[in-house]
Amino acid sequence: MSDPERAMLLSVHPRFANAILAGSKTVEVRRQRVAAPPGTPVLLYATAPTMALVGMARISSIHVASPQEVWSAHRAQTGITRREYDVYMDGAVQASGLTLENPMSFEDPVPLSALRAAGTFHPPQSYRYLSSADLSQVSEAGPAVGSALRRVLPDAVHA
């Protein structure tokens, strides 16, 4: 089970956020080592032009290896072409393939303006872990998000 006070905020291009939420993209790749236990909730922040929290999923597993090994193991689930992958991974010595499960779209995405109005909010370049305070702030900004978070992290979200 996941740490009761730990969730991940993952910044993704809107194309990939939509594919994750539709279930057609089940592996998100990153250029660095990602260490999170299976079951960790992942909030999906769609970057520009969307700029909003659009949904969530859970990490079912993480495969950390060379970029070539991650591609070989997960290419069909990444939702990107080999060329896109190679451009993204150029110069990386390690890669992580985050296998995501149970995607859920937020009926009302939470725009960046609402997240910032609820407190200090900075979308990460790649990803970051969220504290209980961060989770409460996100919950205040979007009631539907708060409700979803309380279902998966009841001890970490107090809103």
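The values are calculated or read from the model by the stated rules, or taken from the named source; none is laboratory data. Computed from a prediction, not measured in an experiment: that's the story for all the values here. Here the Cβ is made from the backbone with ideal geometry for all residues, glycine too, and neighbour counts use every protein chain on show. When the accessible area is computed, the model is the full protein with side chains, heavy atoms only, and any ligands, DNA or RNA have been set aside. Shrake-Rupley method; radii C 1.70, N 1.55, O 1.52, S 1.80 Å.
General remarks:
- Mean-position separation - Cα centroids, the range 1-61 and the range 97-159, in angstrom: 11 Å
- Whole-number D in µm²/s for the range 24-83 (Stokes-Einstein; Kirkwood sum over Cα pairs; 4 °C, 1.567 mPa s): 100 µm²/s
- Heavy atoms of Ser61 accessible to a 1.4 Å probe, total area in Å² rounded to 10: 50 Å²
- Gain on full extension, evaluated as 0.36 nm per residue between Ser105 and Ala92 minus their Cα-Cα distance, stands at 1.6 nm.
- 3J(HN,Hα) along the range 23-34, derived from phi through the Karplus expression 6.51 cos²θ - 1.76 cosθ + 1.60 where θ = phi - 60°, amounts to x, 8, 10, 10, 10, 9, 9, 9, 7, 10, 5, 10 Hz, with x in place of Gly and Pro.
- Within the shell defined by Cβ-Cβ distances under 15 Å, the residues around Ser126 carry a net charge of +3, with Lys and Arg each +1 and Asp and Glu each -1.
- With a 1.4 Å probe rolled over the protein heavy atoms of all chains, the accessible area of Ile62, Ile20 falls in the order Ile62, Ile20, largest first.
- Whole-number percent relative contact order across the chain, with pairs defined as alpha carbons under 8 Å at least 6 apart: 29 percent
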